[in-house]
Amino acid sequence: MSFISNTLNGARPSSINAVNLPRRENYYASPADWRDEILYFLLPDRFSDGQESSRVLYNRRAPANFRPMGFQWNLWRTSGGDRFQGGTIRGLTSKLDYIKGLGVTTVWVGPVFKQRRHLDTYHGYAIQDFLEVDERFGTRNDLVELVETAHSKKLRVILDIIFNHSGHNWDYQNGQVDPPYLPWPEYHQFGSWIGASGGTQYGTLQNDDGVWPSELQTQESYTRAGLGSLSDDDIRNPRAESKRSDFPGSFRDFNFDGSTALTDLAKCYKYWIALTDCDGFRLDTLKHVAEEHAAAFCNTIKEFAANLGKVNFLLVGEVAGPDCNAGRYLEAIGLNLSATLDIGELRTILHDVAKGIREPAAYFNVVKDWTPVLGSHRNSGPRHVTILDDHDHVYGAKVRFSMDAPVEHQVVAGVAIQLFSLGVPCIYYGTEQAFAGPEKAERERWLPDLGTGLDTSGKKDRYLRETMFGADHPRLSGLAGLAVGGIDPGLPGFGAFGSVGAHFFDPGFHVYRRLAALIAIRAKYPVLRYGRLYLREVSNFGLPFAFPPGGELIAWSRILDDEEGLCIVNGNATAARGGDVVVDLPLNSKIGSAFRVIENSAQTIAGAAYQGTHPVGELVPVQYRNGALYVSIRDLGSAEVLLLNNRP
């Protein structure tokens, strides 16, 4: 591909309009259906630095052994919230086999674009240069190599992009950082650009000054509305406060009325498609972009990708707030927006159902009612990316699912509901290793803010962003951290469970193995990806069939033509459960009908030593009582998963 080689052999372009973007070249094709994919989301700074061979594997039975002399929880906390830890793109590339071994097919990479050099915005959402990779993560060559290597392993790559705002690249008049919000059509006066070291830059902008590309260096490119409320949920109003105000943290909101900013930003991201051959974008803060502007952006990106042969390029939007917000954007943008992230109420309901503290119908009835205008509810699956945990939990408490779980593998119950219900499943890094935060006694003593309700400041996000690779120390703050050897010996690294100097890349861990087995079954059976979904009634002790309460069996069917896949999760994390589970009457009424067990998560771990009920291969006969067909499930282990099929 001449565009890629020519671009990498030259300097980063200073003007996006000077870039001659390609078309009709041979790029990596899109999947036919994103329901065939499993996404895995990670923050580059927190995932891998490629040096894990120099560290030991964490032993969760002895957490104190991985806290050095003089370890202090307040310093660990500071390290996680305020510093780059050292993860890199090359480190991620070195771990693609670990990701592929889980059965994941698509890697969603948190933003890697250039941040201000003097700030510690490790998360990547405060961009200074929209055409460059942040040097703390690597280079443009590293990013191209990541995608190329992933494609060679039959993995896809989604890049996390931001087109609603830039980083803190300029100040308002008189040096104001966050002046109060001014409603449309009012605005504040522009002040001055910020230089490479954080001071005022009045002269010609160099690469590390202000913002790049040069098209974004006009005052009209920004709303200049000041710091307002982002909780304004009037999503239909293109000039609502939440559409125009700067984000907390001194981000700067783009103005798409009366400027070329939207077109310029779209060209920037077309550049990244052409340069990296990536397979999709996650659209940050889509809710804070007016519907017509979001639709125009998605349309032009989709059309550009199609001209490169990527006819099903994924565009998945972050639409925060109640689930109805996401539905509104799906409706307004149509198929030019592939899907939205299920990060609203549904994610918190999924937590509760999988933990057995809420009835399964609370989740499954919502899922089944997604966009029925598509002809059949099964067709709504590609329009939703299901989330159990992510990097900021914009809706709900900022703690991982596994915190205080009675058993480590309870998280498998939550992921299993994702895998086998409607939607495109997304697994957050560390879930497969049951990341759960520090042990209860330690956090109650030293980290009282962890797990204590909602947070709009972003301070508690840190507890969702531990490192997988376990550096001893983070980088020094600001410019000092960019120097060779710029490590801060005064702070510990931000390893999971309050650890330092140990990594978590363990494919032998029982949660990883359980998930890998479930994902393999999903890949084998189309019914588990494409089928219609029906929550099943359950009977215990001969009582009438009814939808169960929380803490009992969670049972549902996927039906594709004449095939029924029966999915059963024990929603109780401390005790075995059983019951008679309803199955489809027309499909299974033939005398001698039976379901065969195709996966048992407990057996996956026990192997040949398994002595429990319903081993893989067992035929479970279909029985009849009181007008219903059912199969009898007995003694399914706590938080375990059982899959059956009537056409194995």
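Observations
- For segment 151-160, filtered to residues that are hydrophobic (A, V, I, L, M, F, W, C) and surrounded by 22 or more Cβ atoms within 10 Å (Cβ to Cβ), the residue that is nearest to V289 (Cα to Cα) is L159.
Listed here are the residues, each with its yes/no results for (1) within 27 Å of Y122 (Cβ to Cβ); (2) of a type outside the set (F, W, Y); (3) free of Cβ contacts under 8 Å to residues at least 24 places away in the same chain.
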| residue | (1), (2), (3) |
| --- | --- |
| L155 | yes, yes, no |
| I162 | yes, yes, no |
| H168 | yes, yes, no |
| P183 | no, yes, no |
| G195 | yes, yes, yes |
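Per-residue answers, yes or no, for (1) closer than 23 Å to P13 by Cβ; (2) of a type in the set (A, V, I, L, M); (3) modelled with pLDDT under 95; (4) in a loop (DSSP other than H, G, I, E, B):
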| position | (1), (2), (3), (4) |
| --- | --- |
| D209 | yes, no, no, yes |
| A225 | no, yes, no, yes |
| S250 | no, no, yes, yes |
| D253 | no, no, no, no |
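- For segment 6-38, a residue qualifies if it is among the basic types (K, R), in contact with a strand residue (DSSP E or B) (Cβ under 7 Å, 6 or more places away or on another chain) and over 30 Å from G531 (Cβ atoms), and exactly one does: R12.
- Evaluation of A240 against the conditions (1) open to solvent by less than 20 Å² (accessible area, probe 1.4 Å); (2) over 27 Å from L330 (Cα atoms); (3) without any contact (Cβ under 8 Å) to a residue 40 or more places away in the chain shows that the sole unmet condition is (2).
- Residues that are under 25 Å from W272 (Cα atoms) and touching a strand residue (DSSP E or B) at 6+ places or on another chain (Cβ under 7 Å), drawn from segment 39-67: L39, Y40, F41, L42, P44, R46
- Hits in segment 24-36 (condition: surrounded by fewer than 16 Cβ atoms within 10 Å (Cβ to Cβ) and either in a strand (DSSP E or B) or basic (K, R) (or both)): R24
- Within segment 317-349, the set of residues being in contact with an Asp or Glu (Cβ under 8 Å, 6 or more places away or on another chain), open to solvent by less than 20 Å² (accessible area, probe 1.4 Å) and among the hydrophobic types (A, V, I, L, M, F, W, C) comprises A326, I333, L341, I343, L346.
- Qualifying positions in segment 406-448 - in a loop (DSSP other than H, G, I, E, B), over 25 Å from G101 (Cα atoms) and open to solvent by 10 Å² or more (accessible area, probe 1.4 Å): P406, E439, P448
- Looking only at residues in segment 596-625 that are on the phi > 0 side of the Ramachandran plot and touching a strand residue (DSSP E or B) at 6+ places or on another chain (Cβ under 9 Å), the one that is least open to solvent (accessible area, probe 1.4 Å) is H614.
- Residue within segment 383-392 that is among the polar types (S, T, N, Q), open to solvent by less than 20 Å² (accessible area, probe 1.4 Å), at pLDDT 95 or above and in contact with an Asp or Glu (Cβ under 8 Å, 6 or more places away or on another chain) present: yes
- Counting only residues that are open to solvent by less than 10 Å² (accessible area, probe 1.4 Å) and in contact with a Pro (Cβ under 9 Å, 6 or more places away or on another chain), segment 554-570 holds 4 of them.
- Within segment 197-224, being touching an Asp or Glu at 6+ places or on another chain (Cβ under 8 Å), open to solvent by 30 Å² or more (accessible area, probe 1.4 Å) and either in contact (Cβ under 8 Å) with a residue 12 or more places away in the chain or β-branched (V, I, T) (or both) holds for T200, N207.
- Residues within segment 288-316 that are part of a helix (DSSP H, G or I), open to solvent by 10 Å² or more (accessible area, probe 1.4 Å) and not aliphatic (A, V, I, L, M), tallied: 9
- Those residues of segment 500-551 which are farther than 30 Å from G627 by Cα, part of a strand (DSSP E or B) and not hydrophobic (A, V, I, L, M, F, W, C), in sequence order: H503
- Reported count of residues in segment 543-563, each being over 21 Å from G423 (Cα atoms) and among the basic types (K, R), is 0.
- Residue in segment 1-18 that is most open to solvent (accessible area, probe 1.4 Å), counting only those that are free of Cβ contacts under 8 Å to residues at least 12 places away in the same chain and not small (G, A, S): N9
- Among the conditions (1) open to solvent by 40 Å² or more (accessible area, probe 1.4 Å); (2) within 22 Å of V500 (Cα to Cα); (3) hydroxyl-bearing (S, T, Y), the only one that S402 does not satisfy is (1).
- Selection of segment 555-569 for residues being assigned to a strand (DSSP E or B) and in contact with a Lys or Arg (Cβ under 9 Å, 6 or more places away or on another chain) yields A555, W556, S557, R558, I559, L560, E563, E564, G565, L566, C567, I568.
- For beta carbons closer than 7 Å, sequence separation of 6+ or different chains, a first residue in segment 388-405 that is on the phi > 0 side of the Ramachandran plot and assigned to a loop (DSSP other than H, G, I, E, B) and a second that is open to solvent by 20 Å² or more (accessible area, probe 1.4 Å) and among the charged types (D, E, K, R), the qualifying pairs are D404/K440.
- Unique match (being open to solvent by less than 30 Å² (accessible area, probe 1.4 Å) and in contact with a Phe, Trp or Tyr (Cβ under 9 Å, 6 or more places away or on another chain)) among L21, L57, L39: L39
- Matching residues in segment 626-648 - criterion: being over 19 Å from L528 (Cα atoms) and open to solvent by 70 Å² or more (accessible area, probe 1.4 Å): N626, R634, D635
The values are calculated or read from the model by the stated rules, or taken from the named source; none is laboratory data. These figures come from a predicted structure and were not determined experimentally. We place every Cβ from the backbone using ideal geometry, glycine too, and count neighbours over all the protein chains shown. Accessible surface areas use protein heavy atoms only, side chains included; no ligands, DNA or RNA. Shrake-Rupley method; radii C 1.70, N 1.55, O 1.52, S 1.80 Å.
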